[in-house]
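Just below is one structure, and these are the notes that go with it.
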Amino acid sequence: MSDLTAERLNGINVGFAVVGVLLTGWLVLAELFLEPTCPPLLGVPACYVVLVGYVVALAGAWLQPARTADALLLSGAGAVTAIGLWFSLNELAGSLECPTLEGLPMCFVSLFAGVSMLAVDQLRRRRFVAAA
């Protein structure tokens with residue numbers, strides 16, 4: 001952990017967000033051009049909202065240490081986490097079906113990515129922001 005820096009932690013969050021944008025972008029393209037694949041969230045395909053969350057989180061991670069970066073990262077990753085949790089619980093309860101990638105429900109992936117981004121950001125804040 002001695003090589004761990006704030007920049008590396010931000011890089012991890014950028015990585016999570018980029019992968020999220022790519023995978024969710026694939027779902028959005030499938031939703032637009034192939035067939036409906038995403039369950040609705042307040043009348044809108046959930047993958048649209050999740051894509052916005054990943055883009056906002058990516059902007060927040062990319063812009064660190066700018067003043068608004070923390071708010072962007074927290075709101076984007078928080079939205080991804082909340083939506084991922086809601087749909088994961090409903091997937092497990094059998095009340096809806098999340099789109100899958102190689103058999104893995106994408107809502108589980110979003111939940112994992114969102115929680116990971118929030119945890120990595122908390123580690124960065126505790127280790128580097130509090131020490132500054």
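Nothing in this text is a laboratory measurement; each read-out follows from the coordinates by a stated rule. Owing to the predicted nature of the structure, the values given are computational and were not obtained by experimental measurement. Here the Cβ is made from the backbone with ideal geometry for all residues, glycine too, and neighbour counts use every protein chain on show.
Only residues that are of a type in the set (S, T, N, Q) and within 16 Å of Thr100 (Cβ to Cβ) were counted across region 4-38, and they come to 2. Do you know which of the residues in region 39-48 that are surrounded by fewer than 17 Cβ atoms within 10 Å (Cβ to Cβ) and of a type in the set (A, V, I, L, M, F, W, C) is farthest from Thr100 (Cα to Cα)? So, considering only residues that are surrounded by fewer than 17 Cβ atoms within 10 Å (Cβ to Cβ) and of a type in the set (A, V, I, L, M, F, W, C), the one farthest from Thr100 (Cα to Cα) is Leu42. For the condition touching a Leu at 6+ places or on another chain (Cβ under 6 Å) and part of a helix (DSSP H, G or I), Ala59 qualifies. Beta carbons closer than 6 Å, at least 6 apart along the sequence or on distinct chains, pair a first residue in region 102-115 that is under 14 Å from Val21 (Cα atoms) with a second that is β-branched (Val, Ile, Thr) for Ser110/Val50; Ser110/Val80; Gly114/Val80; Gly114/Thr81.
Could you tell me whether region 85-106 includes any residue that is farther than 21 Å from Arg126 by Cβ, of a type in the set (Val, Ile, Thr) and in a helix (DSSP H, G or I)? Break it down stepwise before answering.
Going residue by residue through region 85-106, those that are farther than 21 Å from Arg126 by Cβ are 85-106.
Okay, now just the ones that are also of a type in the set (Val, Ile, Thr), so 100.
Next cut, in a helix (DSSP H, G or I) only: none.
Checking region 85-106: not a single residue is farther than 21 Å from Arg126 by Cβ, of a type in the set (Val, Ile, Thr) and in a helix (DSSP H, G or I).
With respect to Leu29, is the statement that it is exposed (fewer than 13 other Cβ atoms within 10 Å of the Cβ), within 12 Å of the chain's Cα centre (by Cα) and part of a helix (DSSP H, G or I) true? Steps first, answer last, please.
Values: exposed (fewer than 13 other Cβ atoms within 10 Å of the Cβ): yes; within 12 Å of the chain's Cα centre (by Cα): no; part of a helix (DSSP H, G or I): yes.
Here the answer is no, as Leu29 does not meet what is asked.
When region 4-50 is filtered for residues that are in contact with a strand residue (DSSP E or B) (Cβ under 7 Å, 6 or more places away or on another chain) and charged (D, E, K, R), only Glu31 remains.
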